[in-house]
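Everything below concerns the one structure shown next.
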Amino acid sequence: MAPVAVLIALVCATLAAGAAGVRVELTRIHAHPGVTASRFVRDALRRDMHRHTARRLAASSGTTVSAPTRKNSPNGTWEYLMTLSIGTPPVSYPAIVDTGSDLIWTQCAPCRDQCFKQPTPLYNPASSTTFGVLPCGSPLSMCTVAPAPGCSCPYNSYNYTYGSGWTAGIQGTETFTFGTSPADQTRVAGVTFGCSNASSDDFTGSSGLVGLGRGVVSLVSQLGAGRFSYCLTPFQDTTSTSKLLIGPSASLDGATAGVGSTPFIASPATAPMNTYYYLNLTGISLGTKALSISPNAFSLKADGTGGLIIDSGTTITYLANAAYQQVRAAVVSLVSLPTSADRSAVTAFDLCFALPSPTSAPPVMPSMTLHFDGADMALPSESYMMQDSGVWCLAMQNQTDGEVNILGNYQQQNMHILYDVGKETLSFAPTKCSTL
């Protein structure tokens with residue numbers, strides 16, 4: 001078994017040798033096209049609540065709890081899947097992409113009565129000529145990175161808990177193949193991953209998960225790629241695919257306008273907060289009106305509470321109540337339609353307006369601007385309002401003051417977002433993601 005430093009060097013060399021790094025298509029989980037957008041989002045909001053509960057528990061108890069990435073719903077939710085291959089010969093599997101967690105894992109044979117049903121055959125380490133067990137004492141061992149009950153050697157066993165699910169197994173090393181088409185494919189040896197033989201059923205629709213967080217076991221950290229980016233197609237677009245780019249291909253060089261860049265804030269040292277990408281949000285405007293929000297509403301406190309993170313696995317944006325109420329009031333002041341409490345209950349949104357008819361076009365609304373340290377992110381109305389079944393809803397929710405604020409993936413649609421982990425910056429540019 002090669003030393004970890006050597007393996008990382010090999011990974012970096014592999015990416016450098018590639019023409020443009022890794023390019024992967026992302027697909028959103030849509031099981032039933034006839035299901036309304038509000039039904040999808042309602043399911044996703046319930047999932048989001050599990051994520052928030054997990055974060056509160058982690059912050060208060062110091063336990064190792066990471067955010068979930070999907071809820072077990074027959075109709076699917078708003079998560080994104082990438083397809084990759086593992087082993088020699090390679091076995092393809094779809095995995096949920098999540099910037100709010102670190103571990104890369106898939107279900108492995110033998111997997112008996114404690115595994116969820118997955119769409120692809122189980123990966124069998126005994127059938128691969130490149131599988132190895134991660135050595136005890138490795139700096140990538142979950143027993144070292146995030147010790148938890150059940151974590152033990154000599155096999156680096158783990159029990160990785162999410163907000164509404166869990167997975168357990170042993171850590172190994174393998175050769176992974178990334179890239180959607182043969183021309184884009186890159187094979188990387190020595191990737192550390194979780195070989196799970198017991199899991200909850202909260203990941204149905206995938207065969208595992210790929211963590212893109214800031215921790216050492218995440219895919220981004222292991223590849224030593226320096227940067228990655230994604231571009232998420234609009235929620236109502238059920239046919240186009242989103243894109244994930246890792247390494248040299250992750251760039252905003254082709255953006256024509258509106259490029260902004262803001263630094264990441266250092267994460268708290270405590271898990272799971274140390275895996276999140278924190279940003280300094282200083283204010284919010286609706287049109288030309290700057291809202292009366294104290295910057296302290298978004299500040300990261302010394303005890304690890306508060307702050308704002310960007311998360312691909314949370315659906316909508318969650319703001320501290322003091323900030324959310326200002327946003328809500330500003331939207332109400334610009335919309336002359338009657339509010340619909342009944343439809344708010346159905347959609348699970350706090351603020352909904354009744355349209356004259358199901359086919360009526362909503363009113364014209366100005367952009368909402370998120371003011372970050374050094375950059376402004378302008379959200380068109382379709383990225384903060386959602387129309388469905390005769391209602392028009394604010395696609396944001398409030399958080400208890402002091403909890404983490406979250407920039408969700410609904411607000412990230414049609415925005416090419418670049419995470420430069422080497423320079424510790426987040427850059428973004430409005431982009432028609434279906435054409436990237």
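The values are calculated or read from the model by the stated rules, or taken from the named source; none is laboratory data. Treat the numbers as computed from the prediction; the structure is a model and nothing was measured. Positions of Cβ are generated from backbone atoms using ideal geometry, with glycine treated the same way; all protein chains shown enter the neighbour counts. SASA here: full protein model, heavy atoms, side chains in, ligands and nucleic acids out. Shrake-Rupley method; radii C 1.70, N 1.55, O 1.52, S 1.80 Å.
In the list Arg187, Arg112, which residue meets the criterion of being within 30 Å of Ser249 (Cβ to Cβ), over 21 Å from the mean Cα position of the chain (by Cα) and of a type in the set (D, E, K, R)?
Values: Arg112 fails: within 30 Å of Ser249 (Cβ to Cβ).
Within the list Arg187, Arg112, the selection yields Arg187.
Can you name every residue in the stretch 318-339 that is among the hydroxyl-bearing types (Ser, Thr, Tyr), within 30 Å of Gly213 (Cα to Cα) and not in a strand (DSSP E or B)?
From the stretch 318-339, those among the hydroxyl-bearing types (Ser, Thr, Tyr) are 318, 324, 333, 336, 339; that's our starting set.
This time we only want the ones that are within 30 Å of Gly213 (Cα to Cα), so: 318, 324.
Scanning the stretch 318-339 gives a single hit, Tyr324.
Grab the strands (runs of 3 or more DSSP E) fully contained in the stretch 189-262, keeping just those with 1 or more residues being out of contact with any helix residue (DSSP H, G or I) (no Cβ under 9 Å at 6 or more places or on another chain), crowded, with 23+ Cβ neighbours inside 10 Å and of a type in the set (A, V, I, L, M). Give the derivation first.
On the way: elements: 208-211, 227-231, 242-246.
Passing ranges, in order: 208-211, 242-246.
Taking Pro119 as the residue in question, decide whether it is surrounded by fewer than 16 Cβ atoms within 10 Å (Cβ to Cβ), in contact (Cβ under 8 Å) with a residue 40 or more places away in the chain and in contact with a helix residue (DSSP H, G or I) (Cβ under 8 Å, 6 or more places away or on another chain).
Values: surrounded by fewer than 16 Cβ atoms within 10 Å (Cβ to Cβ): yes; in contact (Cβ under 8 Å) with a residue 40 or more places away in the chain: yes; in contact with a helix residue (DSSP H, G or I) (Cβ under 8 Å, 6 or more places away or on another chain): no.
No; evaluated as a whole, the condition is false for this residue.
Give the stretch 318-338 a look and list any residue that's of a type in the set (Val, Ile, Thr) and open to solvent by less than 10 Å² (accessible area, probe 1.4 Å), or say none. I'd like the intermediate steps shown before the answer.
First, pick out the residues of the stretch 318-338 that are of a type in the set (Val, Ile, Thr): 327, 331-332, 335.
The answer is Val327, Val331.
Would you say Ala168 is open to solvent by 30 Å² or more (accessible area, probe 1.4 Å), over 24 Å from Leu436 (Cβ atoms) and aliphatic (A, V, I, L, M)? Working first, answer last.
On the way: open to solvent by 30 Å² or more (accessible area, probe 1.4 Å): no; over 24 Å from Leu436 (Cβ atoms): yes; aliphatic (A, V, I, L, M): yes.
For Ala168, the condition - open to solvent by 30 Å² or more (accessible area, probe 1.4 Å), over 24 Å from Leu436 (Cβ atoms) and aliphatic (A, V, I, L, M) - is not met.
Of the residues in the stretch 284-317, how many are buried (at least 22 other Cβ atoms within 10 Å of the Cβ) and in a loop (DSSP other than H, G, I, E, B)?
8
Just give me the residues in the stretch 266-283 being in a strand (DSSP E or B) and either modelled with pLDDT under 85 or open to solvent by less than 50 Å² (accessible area, probe 1.4 Å) (or both), in sequence order.
Within the stretch 266-283, the first condition is being in a strand (DSSP E or B), and the residues that meet it are 277-279, 281-283.
Scanning the stretch 266-283 gives Tyr277, Tyr278, Leu279, Leu281, Gly283.
Can you tell me which residue among Asp401, Asp342, Asp350 is open to solvent by 40 Å² or more (accessible area, probe 1.4 Å) and not in a loop (DSSP other than H, G, I, E, B)?
Values: Asp401 fails: not in a loop (DSSP other than H, G, I, E, B); Asp350 fails: not in a loop (DSSP other than H, G, I, E, B).
None of the other options fit; the residue is Asp342.
So Ser389 fits all but one of (1) open to solvent by 50 Å² or more (accessible area, probe 1.4 Å); (2) within 17 Å of Val404 (Cβ to Cβ); (3) in contact with a helix residue (DSSP H, G or I) (Cβ under 8 Å, 6 or more places away or on another chain); (4) polar (S, T, N, Q); what number is the exception?
Of the numbered conditions (1) open to solvent by 50 Å² or more (accessible area, probe 1.4 Å); (2) within 17 Å of Val404 (Cβ to Cβ); (3) in contact with a helix residue (DSSP H, G or I) (Cβ under 8 Å, 6 or more places away or on another chain); (4) polar (S, T, N, Q), the odd one out for Ser389 is (2).
So, of the residues in the stretch 355-387 that are outside any strand (DSSP E or B) and aliphatic (A, V, I, L, M), which turns out to be nearest to Asn409 (Cα to Cα)?
Going through the stretch 355-387, the residues outside any strand (DSSP E or B) turn out to be 355-367, 373-374, 380-384.
From the residues that got through so far, the ones that are aliphatic (A, V, I, L, M) too are 355, 361, 364-365.
Details: Leu355: 25, Ala361: 24, Val364: 22, Met365: 20 Å.
Ranking the qualifying residues of the stretch 355-387, first place goes to Met365.
What's the total number of residues in the stretch 157-188 that are touching a residue at least 40 places away in the same chain (Cβ under 8 Å) and outside any strand (DSSP E or B)?
The number of residues fulfilling the criteria is 7.
Could you grab me the full set of residues in the stretch 416-426 that are in a strand (DSSP E or B), surrounded by fewer than 21 Cβ atoms within 10 Å (Cβ to Cβ) and either modelled with pLDDT under 95 or not β-branched (Val, Ile, Thr) (or both)? Steps first, answer last, please.
Let us first name the residues in the stretch 416-426 that are in a strand (DSSP E or B), namely 416-420, 425-426.
Restricting the remaining residues to those that are surrounded by fewer than 21 Cβ atoms within 10 Å (Cβ to Cβ) gives 420, 425.
Across the stretch 416-426, the qualifying residue is only Asp420.
Take Asp350 and tell me if it is in contact with a helix residue (DSSP H, G or I) (Cβ under 7 Å, 6 or more places away or on another chain), charged (D, E, K, R), more than 30 Å from Ala146 (Cβ to Cβ) and modelled with pLDDT under 95.
Working: in contact with a helix residue (DSSP H, G or I) (Cβ under 7 Å, 6 or more places away or on another chain): yes; charged (D, E, K, R): yes; more than 30 Å from Ala146 (Cβ to Cβ): yes; modelled with pLDDT under 95: yes.
Yes; evaluated as a whole, the condition is true for this residue.
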